[in-house]
Amino acid sequence: MSPSFPEVDYDQASSGEVASAFFANGCVLLRNFLQEDKLFDIKGRLSSIYDETGAIQLFAPDLKQRMGSNIHEFLFGDRHYDLLEKIFRSHSYKAFQGTLARRIQGFAGEPRWMAPLAPHLDAFFHRFEFTVNFWVPLQACGGDPSSLGVIPGDFACMLEFTGYDGKAAERGGPGKWNLGNFRPKMWEMNLKQDGAADELFATFADRIWTPEYKLGDAMLISNWTMHFTHANPVVTAAQRENIELRFICDASLDTILKEHSG
């Protein structure tokens with residue numbers, strides 16, 4: 001049986017329902033998660049910063065310094081924080097330094113826009129402590145403009161596929177990161193070697209999900225959720241901006257899953 005793709009209307013769903021869908025699938029698409037007017041404001045603020053810095057992506061420390069607050073504080077209300085409480089449960093959480101804003105273009109790319117990202121877990125590059133990421137596009141995307149593709153499914157299945165060794169993160173530095181904790185094929189995927197992602201897409205052929213997003217939607221994933229840039233190879237000039245709002249706790253994936261298994 002083909003898996004169902006987890007999608008909820010955030011205006012209608014409770015925090016408990018969202019958390020349940022997230023842990024059952026490793027991701028959940030949240031329709032109407034954020035207010036459009038607030039996202040328009042954020043996009044304008046970011047455009048000024050991009051122009052000032054010439055950067056193609058902006059990280060949390062610089063964003064906070066230039067904007068005066070963490071970026072999520074401009075966007076979140078009580079229900080968003082309640083959802084975080086439902087996810088992390090007994091564990092305290094905080095905004096992660098891996099929060100960022102990106103600009104991505106199709107396969108041609110310009111110097112001030114990033115190329116599409118290969119399939120990956122954020123755990124390849126970030127800390128292993130359980131982290132959630134609200135991936136938020138700043139315009140409608142998924143048609144011509146590139147979007148986020150995900151592979152929903154059981155966390156244990158993805159750990160097995162990636163060959164995670166169960167050890168502490170190696171943290172090998174830029175170009176190495178934590179990829180030594182995973183089987184060599186993951187390194188090849190990161191380098192975008194020809195055919196390196198073929199096994200992934202063949203293994204999870206019925207689970208590959210590339211939804212279309214409206215302004216205000218968000219995809220909730222974790223640092224152990226496989227995801228990638230979904231780009232139309234025919235439309236090389238389509239540009240997309242997004243923010244990635246990350247929150248981290250001091251617990252492992254295994255500890256968090258055990259708390260949600262009862």
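Which of the residues belonging to region 150-179 are outside any loop (DSSP other than H, G, I, E, B) and closer than 30 Å to Lys43 by Cβ?
Val150
For region 22-48, which residues satisfy the criterion of being under 15 Å from Leu84 (Cβ atoms) and not aromatic (Phe, Trp, Tyr)?
Val28, Leu30, Leu34
Taking Ala156 as meeting all but one of (1) crowded, with 23+ Cβ neighbours inside 10 Å; (2) without any contact (Cβ under 8 Å) to a residue 12 or more places away in the chain, write down the number of the exception.
All conditions are met except number (1).
So in region 94-112, with the set limited to residues that are surrounded by fewer than 19 Cβ atoms within 10 Å (Cβ to Cβ) and over 13 Å from Ala60 (Cβ atoms), which one is modelled with the highest pLDDT?
Arg112
Within region 21-34, track down each residue that is out of contact with any Gly (no Cβ under 7 Å at 6 or more places or on another chain), surrounded by fewer than 22 Cβ atoms within 10 Å (Cβ to Cβ) and in contact (Cβ under 8 Å) with a residue 40 or more places away in the chain.
Phe23, Arg31
Would you be able to tell me the number of residues in region 22-65 that are over 17 Å from Arg102 (Cβ atoms), hydrophobic (A, V, I, L, M, F, W, C), part of a helix (DSSP H, G or I) and in contact with a Leu (Cβ under 9 Å, 6 or more places away or on another chain)?
Total satisfying the criteria: 3.
Among the residues of region 4-21, what is the count of those that are assigned to a loop (DSSP other than H, G, I, E, B), within 20 Å of Ser261 (Cα to Cα) and not polar (S, T, N, Q)?
Residues that pass the stated criteria total 1.
Answer yes if at least one residue in region 137-149 is in a strand (DSSP E or B), of a type in the set (A, V, I, L, M, F, W, C) and at pLDDT 95 or above, and no otherwise.
Yes, region 137-149 has at least one match.
Table: residues versus (1) charged (D, E, K, R); (2) closer than 20 Å to Asn25 by Cβ.
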site: Glu212; (1), (2): yes, yes
site: Asn232; (1), (2): no, no
site: Asp250; (1), (2): yes, no
site: Asp254; (1), (2): yes, yes
site: His260; (1), (2): no, yes
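So is Phe74 under 22 Å from Phe33 (Cα atoms), surrounded by 14 or more Cβ atoms within 10 Å (Cβ to Cβ) and among the aromatic types (Phe, Trp, Tyr) or not?
yes
Among Asn181, Asn242, which is the only one that is within 30 Å of His72 (Cα to Cα), surrounded by 13 or more Cβ atoms within 10 Å (Cβ to Cβ) and either without any contact (Cβ under 8 Å) to a residue 24 or more places away in the chain or polar (S, T, N, Q) (or both)?
So the residue among Asn181, Asn242 that is within 30 Å of His72 (Cα to Cα), surrounded by 13 or more Cβ atoms within 10 Å (Cβ to Cβ) and either without any contact (Cβ under 8 Å) to a residue 24 or more places away in the chain or polar (S, T, N, Q) (or both) is Asn242.
For region 114-133, which residues satisfy the criterion of being assigned to a strand (DSSP E or B) and modelled with pLDDT of 95 or more?
His120, Thr131, Val132, Asn133
Specify which of the listed residues (Ser47, Ser20) is among the polar types (S, T, N, Q) and in contact with an Asp or Glu (Cβ under 9 Å, 6 or more places away or on another chain). Don't jump to the end; show me each part of the working.
On the way: Ser20 fails: in contact with an Asp or Glu (Cβ under 9 Å, 6 or more places away or on another chain).
Selected residue: Ser47, the only one of Ser47, Ser20 that is among the polar types (S, T, N, Q) and in contact with an Asp or Glu (Cβ under 9 Å, 6 or more places away or on another chain).
Just the residues that are over 17 Å from Ser20 (Cα atoms) and outside any loop (DSSP other than H, G, I, E, B), please, taken from region 66-93.
Result: Arg66, Met67, Ile71, His72, Glu73, Phe74, Asp78, Tyr93.
The values are calculated or read from the model by the stated rules, or taken from the named source; none is laboratory data. All values reported here derive from a predicted model rather than from experimental measurement. So basically every Cβ, Gly included, is an ideal-geometry build from the backbone, and we count neighbours across all protein chains shown.
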